[in-house]
Amino acid sequence: MSQQIAKDFEKHSVDIEEARDKPWVLVTANGSQTQVQRKILVELRLGRFDVGRFWFYIIKSCPETLVIGTKTLGALEAQLEWKTRTLTIKVGRNWCRMPWSNTTEPYWRHPILLKAKSTHRLPSCTMTCVELEDVSDEVWRNWTTKEGVYTPLRTERRLKQRFMTAYGFGPFRTKVMLYNPNDEEVVVTKYD
């Protein structure tokens, strides 16, 4: 459950350690990690079906309102039918089928382009710290946190290995390290 939605139900949530659970880290498909610290018991209703009560963990940077995990889907004996776009679950002794669709909200994994603040010359076989333009508040508008996975952009220069930058995870910083593995100098131009 997203932290933003959970604020409305905060008085009903419990601290993980108080509930005698061990704190744990959730790693999502995009590689982001978040420490799980609270949970809440939710009466789950899917479509018109009352499914039962399940514990949901409150996640700081959850991309959706609610994400149903594999443990809950397993308990419901859920079946996703991709061709017909239906979800079938077991409620009591009955099987319930309902349609599902992709979210129409902004895509949560949209990339943020990091732009060089000035032109840099990278001598052969050296690593250089490149200062970046700050990312505007408008770009961060649909994000719940200013951290995530850093991956190199697949530009023509990058695909030809003209320079390298590391994959990584963490809060946004206005500097990045670039490495030139070539025998000649590489110029990284200011983004206009």
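Values for this structure:
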{"quantity": "Whichever lysines have a C-alpha closer than 22 Å to that of Lys115, once near sequence neighbours (fewer than 8 apart) are set aside", "calculated": "Lys146, Lys160, Lys175, Lys190"}
{"quantity": "Dipole of region 3-99, positive direction: furthest Cα of Ile58, Ile40, Gly69, with charges on the beta-carbon", "calculated": "Gly69"}
{"quantity": "All lysines inside 20 Å of Lys90 as judged from Cα atoms, apart from same-chain residues fewer than 8 positions distant", "calculated": "Lys71"}
{"quantity": "Per-residue Cβ neighbour rank within 10 angstrom, fewest leading, Val188, Val36", "calculated": "Val36, Val188"}
{"quantity": "Normalised alpha carbon radius of gyration of region 3-99 [divisor 2.2 N^0.38 Å]", "calculated": "1.18"}
{"quantity": "Lys, Arg +1 and Asp, Glu -1 on Cβ, resulting dipole of region 3-99 about Cα centre, debye, nearest 20", "calculated": "320"}
{"quantity": "Formal net charge of residues neighbouring Glu17 (Cβ-Cβ distance under 13 Å; K, R +1; D, E -1)", "calculated": "+1"}
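Where a number appears in this text, it was derived from the coordinates with a stated rule and is not lab data. Not measured: the values here are computed from a predicted model. Ideal geometry is used to build each Cβ from the backbone, glycine not excepted, and the neighbour counts take in all protein chains shown.
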